[in-house]
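The values are calculated or read from the model by the stated rules, or taken from the named source; none is laboratory data. The structure displayed is predicted, hence computed values, not measured ones. Don't worry about glycine lacking a Cβ; one is built from the backbone with ideal geometry, like all the others, and counts go over all protein chains shown. In case anyone asks, the SASA skips ligands and DNA or RNA and just uses the protein heavy atoms, side chains included. Shrake-Rupley method; radii C 1.70, N 1.55, O 1.52, S 1.80 Å.
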Amino acid sequence: MIIILRPAATDAHIEELTDILRARGLGIHLSRGVETTIVGAIGALDEEKAALAEQLTALSYVERVVPISKPYKVVGRAFRPEGTVVRVRGVEIGGSRLCVMAGPCTVESPTQLLDTARFVKEHGAHVLRGGAFKPSTSPYSFHGMGEEGLRLLAEARDETGLPVITEVMDARDLDMVCGYADILQVGTRNMTNFSLLRAIGECRRPVMLKRGWASTIEEWMQAAEYIASRGNYEIILCERGIRTFESYTRNTFDINAIPAVKELSHLPIIADPAHGTGRWSLVGAVARGAVAAGADGIMVEVHPAPEKALKDGGQSLKFESFAELMRGIAPIAAAVDRSL
Ligand code: PEP
Ligand code: MN
């Protein structure tokens with residue numbers, strides 16, 4: 001259940017309330033908005049909920065108690081109606097400005113990464129992406145440069161000022177990846193790796209959780225809840241396409257997910273039209289559609305020579321195509337009251 005406090009509630013009131021909830025053995029999550037503080041109380045048994053709600057409603061500083069019937073609670077819209085803004089080194093994800101994440105699928109070399117980072121920065125990107133640990137369907141494909149790739153990302157950040165996002169695949173690598181990355185990425189193949197999600201929930205580092213390629217929106221929300229339930233609320237969701245019967249595109253970008261997530265959750269959502277289509281020629285149009293649908297930003301893959309890319313070359317934009325994409329989304333952003 002969530003407990004919505006009156007605007008006049010003080011810190012002492014919040015402490016009194018959390019003491020009551022703790023004494024009941026409930027998990028507590030606090031959301032302090034500009035106007036309202038909301039306390040999430042997780043774990044009450046069904047048969048005790050009505051009496052507990054009555055007891056709490058009687059407190060002078062409690063405005064109302066709302067039962068949550070959904071299987072996800074802390075990431076649900078009701079917990080933070082005003083929406084979450086994730087802040088990383090001066091970049092906001094979920095605010096009025098769109099966030100553009102761009103960079104190569106995979107870090108391949110110092111020049112490949114730095115040239116790309118400089119170009120995307122110059123053309124308006126806010127976050128640099130690049131994989132150092134790459135999940136691959138085939139055990140024989142390239143699996144990334146590992147820690148050396150992370151080092152190159154950190155160097156590119158130092159030079160360009162762009163915060164970096166990179167995938168972590170294994171909870172055992174988490175400390176190492178946190179040593180370099182500003183935002184962790186959980187890839188589609190790991191959306192249901194619950195031990196990884198729990199470990200990320202324990203660390204205080206923003207994380208972008210990609211939707212599983214065969215997961216429903218509700219399953220995705222529950223994966224996010226795994227992270228939030230451990231106290232890490234700095235979560236960004238990413239729609240990256242799901243598998244359907246269509247084979248012309250690598251995946252089917254689910255545009256429905258964007259307004260649906262906005263309805264269901266307070267978390268920001270990024271669109272990934274690169275993995276969503278698998279074809280560079282479709283990336284710009286799908287990016288524009290996602291921005292029009294209310295996405296908080298986009299993530300795209302950019303490579304100096306996509307034909308030579310070690311991974312995902314077919315969906316990676318050449319530099320000039322990235323510049324064109326940025327020109328293309330500007331009027332759409334303006335039409336939905338977002339700046340770039
Ligand atoms: C990626 O971002 O390069 C990636 C591997 O994404 P996904 O997990 O969505 O396939
Ligand atoms: Mn990729």
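Pull up the range 281-294, narrow it to residues that are part of a helix (DSSP H, G or I) and within 15 Å of Cys99 (Cβ to Cβ), then point me to the one that is farthest from ligand 1 (Cβ to nearest atom). Steps first, answer last, please.
In the first step, residues of the range 281-294 are kept if they are part of a helix (DSSP H, G or I); the result is 281-292.
When the remaining residues are screened for being within 15 Å of Cys99 (Cβ to Cβ), the result is 287, 290-291.
Values: Ala287: 15, Ala290: 14, Val291: 19 Å.
Result: Val291.
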Of the residues in the range 172-221, those that are closer than 21 Å to Arg151 by Cβ, assigned to a helix (DSSP H, G or I) and of a type in the set (Val, Ile, Thr) come to Val177
- Looking at the range 71-86, is at least one residue farther than 21 Å from Thr36 by Cβ and more than 16 Å from ligand 2 (Cβ to nearest atom)? yes
Across (1) β-branched (Val, Ile, Thr); (2) open to solvent by 60 Å² or more (accessible area, probe 1.4 Å); (3) closer than 24 Å to Val261 by Cβ, Thr137 clears everything bar (3)
Restricted to the range 174-192 and to residues being open to solvent by 40 Å² or more (accessible area, probe 1.4 Å) and touching a residue at least 24 places away in the same chain (Cβ under 8 Å), the residue nearest to Gly241 (Cα to Cα) is Arg189
The condition of being open to solvent by less than 40 Å² (accessible area, probe 1.4 Å) and without any contact (Cβ under 8 Å) to a residue 40 or more places away in the chain holds, among Gly278, Gly328, only for Gly278
Going through (1) in contact with a Lys or Arg (Cβ under 7 Å, 6 or more places away or on another chain); (2) hydrophobic (A, V, I, L, M, F, W, C); (3) surrounded by fewer than 20 Cβ atoms within 10 Å (Cβ to Cβ); (4) under 20 Å from Thr166 (Cα atoms) one by one, Ala214 fails only at (4)
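Is one or more of the residues making up the range 307-323 more than 25 Å from Pro110 (Cβ to Cβ) and assigned to a loop (DSSP other than H, G, I, E, B)?
Our first condition is that a residue be more than 25 Å from Pro110 (Cβ to Cβ); within the range 307-323, this holds for none.
The answer is no; no qualifying residue exists.
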Just one listed residue, out of Gly297, Gly313, Gly231, Gly278, is within 16 Å of ligand 1 (Cβ to nearest atom) and within 17 Å of the chain's Cα centre (by Cα), and it is Gly297
